[in-house]
Amino acid sequence: MVARHDLTTDPGLQEQLLQARRGTAFFARKLNELSDAELDGGSLLPGWTRRHVAAHIGYNARAIARLIEWAATGVETPMYPSVSVRDHEIDFGATLSPIALRNLFDHSAVHLSVEWRDLPDDAWSHEVRTVQGRIVPASETVWMRTREVWVHAVDLDNGASFADIPATVLERLLRDITGAWAARGTDAGLLVRVTGTDLVFGDAEAAVVVTGPLAGVTQWATGRGTGGVSAGDGGTLGDAPVPSAPKWI
Ligand code: ZN
């Protein structure tokens, strides 16, 4: 079925789709601001150039589109055959010519947007499996993509920052990350508090309290530096060194 508007009538999902598309447009803007030569430069991710980040975002859209096709047809099509195939694909993509790399990003983003648009209401609850092996409803793919495009736009390292990411996206991301720490018990001794909000995560008996605005705390939580936060021992803020965040992924 072909529609000009999203087939889903769920207002929550429509709002999430908007956030994913805004993030994609933001990533596109940062990518387009880079000259072809600048694509060779380093990203914020260790061992990855900006080319790797762009290739990853392109292949990520294709992989998520496969999940939507799965949800639509019931025919199992995994994101990637394996994690090593995924990694190989990114290394290959990073060697593409600048024009091919930009086309990969553009075309895959449009394709995914159309797959989402044409998925009928009842299919959004169909279950699919992520590359990490999680079973999720197709609707979860919107958040999976949203997270990728916003955070990796910062990783392009040409001026985007966590302050550019909408607060609703930051908050959900921080909940995901601190939830993963809590599930693994890696947040022992650590309390995270977001200033100006009632968001508090972690160990109430903590020895170390990390605090800052939502953008700073989320940046720190994703392992991207301590610039936006301070730490205290529960007494005065700034009287303790900021610990590195527990691993997230
Ligand atoms: Zn990623």
Write down the percent of antiparallel bridges among all DSSP beta bridges whose residues are both part of the chain, to the nearest 5. 70 percent
To check my understanding: the extent here is largest minus smallest coordinate of the Cα atoms along each principal axis. What are those three numbers for the chain, in Å, largest first? 60, 45, 31
Under 12 Å from the Cβ of Asp10, count the other residues' Cβ atoms, weight Lys and Arg +1, Asp and Glu -1, and hand me the total. -4
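Report the local net charge at Met144: Lys and Arg +1, Asp and Glu -1, summed over other residues whose C-beta lies under 11 Å from its C-beta.
So the surrounding residues net to 0.
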Shape call for the stretch 167-240 from the C-alpha gyration tensor, a ≥ b ≥ c root eigenvalues: rounded (a/c under 1.5), prolate (a/b greater than b/c) or oblate? oblate
Please give the peptides 196-208, 177-189 ranked by average Cβ packing (other Cβ atoms within 10 Å per residue), highest first, as a rough proxy for protection. 177-189, 196-208
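Run the numbers on the stretch 167-240 and let me know its relative contact order in percent, using alpha-carbon pairs under 8 Å that are six or more apart.
Details: 123 pairs, mean separation 18.3, N = 74.
Worked out over the stretch 167-240, it gives 25 percent.
Where a number appears in this text, it was derived from the coordinates with a stated rule and is not lab data. As the structure is a prediction and not an experimental result, all values here were calculated from the model. Neighbour counts are summed over all protein chains in view; Cβ atoms, including those assigned to glycine, are modelled from backbone coordinates with ideal geometry.
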